[in-house]
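This report refers to the structure that appears directly beneath it.
The values are calculated or read from the model by the stated rules, or taken from the named source; none is laboratory data. Just so it is clear, the model here is predicted, and its values are computed rather than measured. Neighbour counts are summed over all protein chains in view; Cβ atoms, including those assigned to glycine, are modelled from backbone coordinates with ideal geometry. Heavy atoms of the whole protein, side chains included, go into the accessibility calculation; ligands, DNA and RNA do not. Shrake-Rupley method; radii C 1.70, N 1.55, O 1.52, S 1.80 Å.
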Amino acid sequence: MSTQSALRTEPQRHPIGRGWLWIRSGFDIFNKGMGLSVAMLLLWLGVGLLIEQLPAGGFISQLLYMVWMAGWMVVAKGGDEQGRLTFSDLFAGFRHRLTPLIMGGLFALGLFTLIAMLCFGLLSLWGLSDLFSQDPEQLSLTVEQARGVLLCVLLGMLLLVPVLMAVTFAPALIYFHDVGAWQAAKLSFIGCQRNMWPFLWWGLLGCVMLLLGTLLMLIGLLVVLPALNYSIYMAYKDIFLIEQEGEEQVVLTGFEA
């Protein structure tokens, strides 16, 4: 494993335009190994589909999420610093810091489960839980029932935001800096919180690209998904790492307000 820059004492705050820079840098890394990136994505998705066929497949997949994402971060690091992608780096999380990465996945799974239990609990409290046992083709909702379901959905989405903030950079922090799962989640949350505007811009651009990739008969996703994974590494590098002496500074253009 190559030398990694030290962490900042506090995550760096950036302007909104940085969100586009992260995505553009992610595509730059993708261009350094397009075929390899697509092959890694297909393997990742294929293994995930196979795991899902197991009795506890969903649980196992969630536990391995940060392990796989750590691998994507190592691949992106190689592309950014060495100008080339290495297929074996995708499995870096299985070779280094496996236990903390799995613990991070377990932590995230616990939070997702709590949110789901809260939402289903509210549906039961409001007498709406029986709706899920009805035939979807014959399902009919009153205005009050629709309002209750919508409220639960919105509440769930609202609660998911801080969890996703805590998960975004946790794999990179755990892998590169030997940070524990809980500390990594806190640092990731703070990093996202201090960069809400660039991440909002990053998210909007990412959603548009995912939509376009889906419209292109899903082929576009073979490009967009790896590039977005690489962009997370570039955001992590930008927010958390101390710039090395002599490192070239990137000049932002536009959206710096």
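At 222 nm, what value in deg cm²/dmol follows for the chain if DSSP H runs of at least 4 each add -39500 (n - 2.57) and the sum is divided by all its residues, to the nearest 500?
Helices in the chain give a 222 nm mean residue ellipticity of -23000 deg cm²/dmol.
If a helix is a whole DSSP H run, which ones in the chain reach 15 Å or further along their own axis (Cα) and hold a mean Kyte-Doolittle hydropathy of at least 0.5?
34-52, 98-125, 143-168, 196-215, 221-240
If r is the Cβ-Cβ distance from residue 109 to residue 81 and R0 is 25 Å, what FRET efficiency results, to the nearest 0.05?
E(calc), rounded to 0.05, equals 0.20.
Take every Cα pair under 8 Å in the chain that's 6+ residues apart, average their separations, divide by the length, and report that relative contact order as a whole percent.
Averaging sequence separation for qualifying contacts and normalising by length gives 39 percent for the chain.
Under a GNM of the chain (C-alpha, springs under 10 Å), which listed residue has the highest mean-square fluctuation: 144, 243, 81?
The residue with the greatest mean-square fluctuation here is 144.
Quote the relative contact order of segment 1-94 in percent (integer), defining contacts as alpha-carbon pairs under 8 Å separated by 6+ residues.
27 percent
Given segment 47-127, report the % of alpha carbon pairs whose separation exceeds 14 Å.
Value for segment 47-127 (Cα pairs over 14 Å): 69 percent.
Amide H to amide H, which residues 5 or more places from residue 241 or on other chains are under 5 Å from it, using H placed in the peptide plane?
Residues meeting the amide H criterion: 8.
Using the Cα centre of segment 17-103 as the reference point, and only Cβ charges (+1 on K/R, -1 on D/E), how large is the resulting charge dipole? Debye, rounded to the nearest 20.
Here the size comes out at about 180 debye.
How high is the FRET efficiency from residue 157 to residue 6, r the C-beta distance, R0 25 Å, rounded to 0.05?
Between residue 157 and residue 6 the formula returns 0.10.
Quick one: with all protein chains in place, what share of the accessible area of segment 1-111 is carbon or sulfur, to the nearest percent (1.4 Å probe)?
For segment 1-111, the apolar C and S fraction of the accessible surface comes to 64 percent.
Between residue 124 and residue 88, what length comes free when the chain is fully extended (0.36 nm per residue of separation minus the Cα-Cα distance, one decimal in nm)?
Contour length minus Cα-Cα distance gives 8.2 nm.
Specify the residue with the greatest mean-square fluctuation among 188, 124, 231, computed from a Gaussian network of the chain linking alpha-carbon atoms under 10 Å apart.
124
Treating the beta-carbon of each Lys and Arg as +1 and of each Asp and Glu as -1, no other charges, what is the dipole magnitude of the chain about its Cα centre, to the nearest 20 debye?
Using Cβ point charges on Lys, Arg, Asp and Glu, the chain gives about 260 debye.
Project the alpha carbons of segment 22-76 onto their principal axes and report the range along each, largest first, in whole Å.
39, 19, 15
Given a 1.4 angstrom probe, what's the average accessible area per residue across segment 73-199, in square angstrom?
54 Å²
Please give the Cα centre distance for segment 218-237 versus segment 78-120, rounded to the nearest Å.
Going from one Cα centre to the other spans 15 Å.
On each of the three principal axes of the Cα atoms of segment 42-180, give max minus min coordinate, whole Å, ordered largest first.
Largest first, segment 42-180 extends 59, 29, 26 Å along its Cα principal axes.
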